[in-house]
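One structure is given here, and the rest of the page talks about it.
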Amino acid sequence: MWLYTDAWAAGFFDGEGCITVEMRRNGDPGALVVMVTQKMRVPLDELQARWLGTVSDNRSGSGCFRWRLSARKAEAFLVAIRPYCIVKRSQIDIGFAYVKTMGKPGQRTSDAVLEIRRQLIRELANAKRDWGK
């Protein structure tokens, strides 16, 4: 049984987390990624216990740890926490729109879908920049 609540996870994510898109080797937008970086590993292990993903050392030498989820697992996490998020709610909504553009693994992505993804990445960047205004 997970001892924390989705509301706790939302608050933790609002303060310490981020939503981004992993770029493919060819430069095309790939999977939606959710990350939380923290000096203490314990809360990240709690997130992993509930939503899976990976916890690793941040290779920047900062002494931080990073919990990471991608694709459908990231979507499941965002669905659970969205009702409780304040700061990153608009970013989550953009993330949901991005996930809707995802096809089946191995399926070629059309140029039109790639352009929609690029537009959503721009919207996500703007939401991150403008959230405090």
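The values are calculated or read from the model by the stated rules, or taken from the named source; none is laboratory data. Predicted model, so just to flag it, every value in this text is computed and none were measured. Positions of Cβ are generated from backbone atoms using ideal geometry, with glycine treated the same way; all protein chains shown enter the neighbour counts.
Okay, here's what the table says:
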read-out	value
Residue count, the range 75-111 (criterion: touching a residue at least 24 places away in the same chain (Cβ under 8 Å) and in a loop (DSSP other than H, G, I, E, B))	6
Residue match in the range 114-122 (condition: out of contact with any strand residue (DSSP E or B) (no Cβ under 7 Å at 6 or more places or on another chain), touching a residue at least 24 places away in the same chain (Cβ under 8 Å), under 17 Å from Gly15 (Cβ atoms) and in a helix (DSSP H, G or I))	no
Count of residues meeting criterion [surrounded by 11 or more Cβ atoms within 10 Å (Cβ to Cβ) and over 15 Å from the mean Cα position of the chain (by Cα)] in the range 96-116	7
Count - residues of the range 29-42 that are modelled with pLDDT under 95 and surrounded by 13 or more Cβ atoms within 10 Å (Cβ to Cβ)	6
